[in-house]
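Worksheet: one structure, shown below.
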Amino acid sequence: MKKLLWWLIAGSKGGVNRARIIKVLNDRPYNANQLAETLELDYKTVRHHLEVLEKNSVIISKGDGYGAIYFLTNAMEEEYSIFEEIWSQIGHK
């Protein structure tokens, strides 16, 4: 999980936005529209990052289409301290 998170957050374009999504979803589940509003990002940008995170088993969704709700996977919840370590090492608090 550590290598995957390094790549998703620090090693690829859009990593900061993916990290912001992970941080928000750690607090509570959201749908894509709520995430876009909360993070002040374009809806399509959020959808793209959600697809990347879901494809890499960092998040899961429940429900279909517009109303799908996103959660961190159990594995991500268990390894959240690794995420926090990476986030702080790349200069974010």
For this session: Could you grab the relative contact order for the chain? Cα pairs under 8 Å, six or more apart, rounded to a whole percent.
Result: 31 percent
Problem set entry | Stokes-Einstein translational diffusion, the stretch 1-45 - Kirkwood Rh over all Cα pairs, 1.306 mPa s, 10 °C, in µm²/s | 144 µm²/s
Exercise. Looking at [x] 59; [y] 54; [z] 66, which value of percent of Cα pairs over 15 Å apart comes from a calculation on the structure shown?
Worked result: [y]
For this session: Pull up all non-local amide H partners of ASN31: gap of 5 or more, or a different chain, and H-to-H distance under 5 Å with H placed in the peptide plane.
Result: TYR70
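No value in this document is a laboratory result; all are computed from the given coordinates. These numbers come from a predicted model, not from an experiment.
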